[in-house]
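Below is one structure; the comments refer to it alone.
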4 protein chains.
Amino acid sequence: MSTQKTKRNWKEKLHEIIYEADTPEGKLFDVILLIAILFSITIVMLESVNTINDKYSYVLNISEWAITILFTIEYILRVISIKKPSKYIFSFYGIIDLLSTIPKYLSVIFVGTNTLVALRALRLLRVFRILKLARFIGESNHLSQAIKASLARISVFLFFVLIICIILGSLMYLIEGAENGFTSIPRSVYWAIVTLTTVGYGDIAPGTPLGQFIASAIMILGYAIIAIPTGIVSSEIVKKTELDLNTQSCPHCATEGHDDDAIYCYNCGNKLHE
Amino acid sequence: MSTQKTKRNWKEKLHEIIYEADTPEGKLFDVILLIAILFSITIVMLESVNTINDKYSYVLNISEWAITILFTIEYILRVISIKKPSKYIFSFYGIIDLLSTIPKYLSVIFVGTNTLVALRALRLLRVFRILKLARFIGESNHLSQAIKASLARISVFLFFVLIICIILGSLMYLIEGAENGFTSIPRSVYWAIVTLTTVGYGDIAPGTPLGQFIASAIMILGYAIIAIPTGIVSSEIVKKTELDLNTQSCPHCATEGHDDDAIYCYNCGNKLHE
Amino acid sequence: MSTQKTKRNWKEKLHEIIYEADTPEGKLFDVILLIAILFSITIVMLESVNTINDKYSYVLNISEWAITILFTIEYILRVISIKKPSKYIFSFYGIIDLLSTIPKYLSVIFVGTNTLVALRALRLLRVFRILKLARFIGESNHLSQAIKASLARISVFLFFVLIICIILGSLMYLIEGAENGFTSIPRSVYWAIVTLTTVGYGDIAPGTPLGQFIASAIMILGYAIIAIPTGIVSSEIVKKTELDLNTQSCPHCATEGHDDDAIYCYNCGNKLHE
Amino acid sequence: MSTQKTKRNWKEKLHEIIYEADTPEGKLFDVILLIAILFSITIVMLESVNTINDKYSYVLNISEWAITILFTIEYILRVISIKKPSKYIFSFYGIIDLLSTIPKYLSVIFVGTNTLVALRALRLLRVFRILKLARFIGESNHLSQAIKASLARISVFLFFVLIICIILGSLMYLIEGAENGFTSIPRSVYWAIVTLTTVGYGDIAPGTPLGQFIASAIMILGYAIIAIPTGIVSSEIVKKTELDLNTQSCPHCATEGHDDDAIYCYNCGNKLHE
């Protein structure tokens, strides 16, 4: 695209600024967007603190309107500067961009009615603006590949963990009973998950000696099996890293496994790249 | 089996539907069973929540009876469709299938008497239906092999952890005493396990400076030694994965597990590639 | 030793029974000792539970005396059956054996006096009998080698963790102050260790927003740096495991890296063992 | 330097004692400094404990003055014995050395005024003396290299963890509300971090069934993703360790880092072994 800079209209230029980051204007746009997102998240957070909201309600409201209008402009520009608007509108970021803009407008409509909970839920959507930050994170393909490769095995593992938690939680419900906080099986399963994952809130804790004995067994089990997902991911990353070293093969003897900075083949001594 | 489809009675067909999953009927049976199990577990859980059980007692009871009759039919079909019924009846899944069906029938017999605790324990058996889900999980032989290979070493490790917990728990019993919740050695050992595994409920916490100092040492120890089971499993999975990469088998003796750069078979000494 | 069974006195036979496990008598001795140790630990633990001690005081006392006399006989037999008694007496196990026997005898001497704390401390020594169990654990040289090799690096790591905890603990003492439970620097450092190791009792928890912000940073730090000891031990075990595979070299072409079950060299095709 | 011992003035000798550790005097200086630092940290800690400070206020004050004067002398000697004093003064250790000395002197100036908080903050600076200990720790280049190499990837990972915590925290703020302790989004995010990192204080714990369900999901997520930083660091250390095993260097161009089975240098193409 940068080689055909001669014949372009403002739409193409806008596209370059908004969707790309290899021009000074594009970089500036990204920096402004990044600051706007961080500023926006800070406002949403501060608004939720009662003492701050009571005091600075007016300032926060104005700031939120400014941010909302800015993001609305960004949304419109993104839609009109792309060739196929539907491609952006129905993409992950398109939906996030829309969802994080509308709550403020809706707050005007619903202001008279008493639908407080619905409003609170809508306001929350603005937090999702943080996902727009994901655009700025380097791909880190390497890492995400390793995670994807381990996902199936980790899911099977987590499924087993869940089965263990349901059985152990039910057992504890029987042993401890309602008097020690184990009032129902779902609550006991919740406790088992809290214990096995070594979180350990302490809001529910076993009171009987037998319950404490089983709790100890769950803890030691949780302490031992945390090794399994770690082992899966480690081996996957090690494998990915090793494969990464071995992309080139010698054109003379076809030996593989050269280091990234190798110039000569370690096996036949010929040059790797002519 | 699918090549001799001409001469078969209904028993063989039933066997194929129930025990296999490569026909549309077999797949349908599996899906229905899966839904029934998940539905069943949900009912058992909801029954244990007092507020729900009081309100929907009738609906839950009817649903539980429907599920129980369904699983009873499944059990009978499994017994009659297999050539050697004893092979199924005394298998792991056979016992689970039976144990998860009988509690509801027993609840009719014991309804007049006041054996509440026994009934509660019996009802719990229905939770074990979740183990039937294990049938649907892919073998994941790879992972379980690595776990089996590390089991002995992890057991030795956990045994050492237990010895450390007993000694440190006894020490804390002496230092903290009953006034800080360390009322007995078993309870102190329970606390030591809670601390070393980094669960940390907080139901028992050291109160004296010396106790807090030793607790800190236990935590740092626990933080450091969690590396050991992880290291064991990681190395085992890495090894298993590496062996897995060598997919070639010897054309002469069919031995597998050759290294990537192997030229001759390590078992029969013949060339791997002509 | 088993080939020269003709000319032996009872001392040699006793030595074989007590110190070795390759004769039926030796195995029987080990099993009895194992049961005695587990029984002994159970008694010490039960004695510390007030409700049990009040009820079964007499039975526990008799059992403890029986165990003590049994271990005394074992100690005497070990001393007289070895050629150099001093070698056993001043060894790790010799000291443990003696220390775990004397407390009961001393309890007779101090029975009149009111030195309760000293007695409680002495009684505790009997818990150390559990270390006698270490005799029965397989060497697991592999694992302990990997741990020894990583010990220096893990110590440096833990030292850094301690420095971080002291600085962060002092910072929290300044921010939170006595009103939120951070009454002194040692107590704040204790809290920092509890947080960084992800134990999280909750007996001391930050109350101010700034304190909670720093606490969050400590948690995420702790969550990230737990990777370091794990990485150290993992790499050490992987290395040890890899070296383990490569002990034999081909007598014909000196290639190394053969699998344990290799018969022929994978490089030159000759037999590895004639 | 040790070969030109004939012509040296006292400044050079002082430099050798203070900055180096290969002479008996240099070692002695290091040992004294080490003890002084540990002693100093202990005093700062004890001073913060009210019961101890009230009782031993005089002794602690005298000790602190002695330490401060000792460190002042050390600072002056370090400045005059180095050729370029600015190089030391503006170095990391130079700043630490100065910052840890001045608080005591400032306490004399501000003694009359009531600036307690500022004084407390200043006093805290003395804790930073512990960083002087870092001088004594072996370089452990290996480990720090692996950490540096994984830093970028771990930062990306922690950034994702933070985004997850903000979204989940906001969600819990909506579900649980102020009545269960989730009074604001920042506080809820704090709770999400406490849960995801498996710290689990229990100062804020979900009360509603839906909240506990989401909390369980967060815990299991936290339990699974702790594998990722561990995997990153492990693979990095494994890689570093593997490179370390290849100790041979090319006799022609001195390049290091050859594979174990390399015959030719990958840099200059000459034979590694004649």
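The values are calculated or read from the model by the stated rules, or taken from the named source; none is laboratory data. On a predicted model such as this, the values are computed, not experimentally measured, just so you know. Cβ placement follows ideal geometry from the backbone for every residue including glycine, while neighbour counts extend to all protein chains displayed. When the accessible area is computed, the model is the full protein with side chains, heavy atoms only, and any ligands, DNA or RNA have been set aside. Shrake-Rupley method; radii C 1.70, N 1.55, O 1.52, S 1.80 Å.
Scan segment B:115-125 and give yes if some residue there is at pLDDT 75 or above and either more than 9 Å from chain A (Cβ to nearest Cβ) or loosely packed, with under 12 Cβ neighbours inside 10 Å (or both), otherwise no. Yes, there is a match, as at least one residue in segment B:115-125 is at pLDDT 75 or above and either more than 9 Å from chain A (Cβ to nearest Cβ) or loosely packed, with under 12 Cβ neighbours inside 10 Å (or both). In segment D:144-158, the residues that are within 12 Å of chain A (Cβ to nearest Cβ) and of a type in the set (Lys, Arg) form Cβ pairs under 9 Å with partners that are surrounded by fewer than 19 Cβ atoms within 10 Å (Cβ to Cβ) and part of a helix (DSSP H, G or I), at six or more places apart or across chains, as follows: D:153/A:142.
Test residue D:22 against the stated conditions and say whether it is over 25 Å from the mean Cα position of the chain (by Cα), modelled with pLDDT of 85 or more, open to solvent by 30 Å² or more (accessible area, probe 1.4 Å) and among the acidic types (Asp, Glu). It is false that residue D:22 is over 25 Å from the mean Cα position of the chain (by Cα), modelled with pLDDT of 85 or more, open to solvent by 30 Å² or more (accessible area, probe 1.4 Å) and among the acidic types (Asp, Glu).
Table: residues versus (1) open to solvent by 50 Å² or more (accessible area, probe 1.4 Å); (2) small (Gly, Ala, Ser); (3) more than 30 Å from residue D:186 (Cβ to Cβ); (4) part of a helix (DSSP H, G or I).
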{"residue": "A:16", "(1), (2), (3), (4)": "no, no, yes, yes"}
{"residue": "A:28", "(1), (2), (3), (4)": "yes, no, yes, yes"}
{"residue": "A:35", "(1), (2), (3), (4)": "yes, no, no, yes"}
{"residue": "A:42", "(1), (2), (3), (4)": "yes, no, no, yes"}
{"residue": "A:46", "(1), (2), (3), (4)": "yes, no, no, yes"}
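Of all the criteria given as (1) at pLDDT below 75; (2) closer than 30 Å to residue B:239 by Cα, the one not satisfied by residue B:152 is (1). Scanning segment D:83-94 for residues that are assigned to a helix (DSSP H, G or I) and open to solvent by 30 Å² or more (accessible area, probe 1.4 Å) yields D:85, D:86, D:87, D:89, D:92, D:93. Scanning for something part of a helix (DSSP H, G or I), in contact with a Gly (Cβ under 7 Å, 6 or more places away or on another chain) and among the aliphatic types (A, V, I, L, M), does segment D:67-82 turn up at least one residue? There is no residue in segment D:67-82 that is part of a helix (DSSP H, G or I), in contact with a Gly (Cβ under 7 Å, 6 or more places away or on another chain) and among the aliphatic types (A, V, I, L, M).
Residues that are in a loop (DSSP other than H, G, I, E, B) and modelled with pLDDT of 80 or more within segment B:208-247 comprise B:208, B:226, listed in sequence order. Suppose we keep only residues that are crowded, with 21+ Cβ neighbours inside 10 Å and of a type in the set (Val, Ile, Thr) within segment C:208-241. Which one would you say is farthest from the other protein chains (Cβ to nearest Cβ)? Among residues in segment C:208-241 that are crowded, with 21+ Cβ neighbours inside 10 Å and of a type in the set (Val, Ile, Thr), the one farthest from the other protein chains (Cβ to nearest Cβ) is C:218.
Table: residues versus (1) closer than 23 Å to residue A:173 by Cβ; (2) at pLDDT 90 or above; (3) not assigned by TED's automatic domain parsing to the domain that holds residue B:130.
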| position | (1), (2), (3) |
| --- | --- |
| B:31 | no, no, no |
| B:38 | yes, no, no |
| B:61 | yes, no, no |
| B:69 | no, yes, no |
| B:84 | no, no, no |
| B:88 | no, no, no |
| B:91 | no, no, no |
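Residues considered: B:179, B:139. Of these, the only one that is open to solvent by 40 Å² or more (accessible area, probe 1.4 Å), away from chain C (no Cβ under 12 Å) and either modelled with pLDDT of 85 or more or under 21 Å from residue C:42 (Cβ atoms) (or both) is B:179.
Is there a residue being more than 9 Å from chain C (Cβ to nearest Cβ), assigned to a helix (DSSP H, G or I) and modelled with pLDDT under 90 anywhere in segment D:196-207? Checked against the condition, which is being more than 9 Å from chain C (Cβ to nearest Cβ), assigned to a helix (DSSP H, G or I) and modelled with pLDDT under 90, segment D:196-207 yields no hits at all.
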